[in-house]
């Protein structure tokens with residue numbers, strides 16, 4: 001079973017998923033409260049869109065990791081040809 005390749009370390013400026021999510025929630029709260037000027041609201045919206053895109057990319061990467069790990073686990077559980085623990089009538 002191939003081992004997953006280690007990911008390159010994130011740049012120090014790149015927030016992790018939980019940090020992105022917390023910031024998105026804060027931005028939504030600010031926008032829902034109102035009281036922001038147009039420019040400030042647009043800037044927060046722009047930041048939110050950027051954070052959302054990054055979070056989606058991170059989720060896609062996590063999904064791929066889970067799929068690879070699951071596939072590896074399933075492959076590890078398959079009996080090998082000639083397994084003496086299998087009876088003649090069993091097939092994988």
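The values are calculated or read from the model by the stated rules, or taken from the named source; none is laboratory data. Keep in mind the model is a prediction, meaning the values are calculated, not measured. FYI the Cβ positions are ideal-geometry reconstructions off the backbone, even for glycines, and counts take in every protein chain you see.
At-a-glance table
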quantity	calculated
Residue within the stretch 28-41 that is within 15 Å of the chain's Cα centre (by Cα) and at pLDDT 95 or above present	no
Number of the condition not met by residue 56 [criteria: (1) in contact with a helix residue (DSSP H, G or I) (Cβ under 9 Å, 6 or more places away or on another chain); (2) at pLDDT 90 or above]	(1)
Single condition residue 48 does not satisfy, out of (1) in contact with a helix residue (DSSP H, G or I) (Cβ under 9 Å, 6 or more places away or on another chain); (2) surrounded by fewer than 11 Cβ atoms within 10 Å (Cβ to Cβ); (3) within 18 Å of residue 14 (Cα to Cα)	(2)
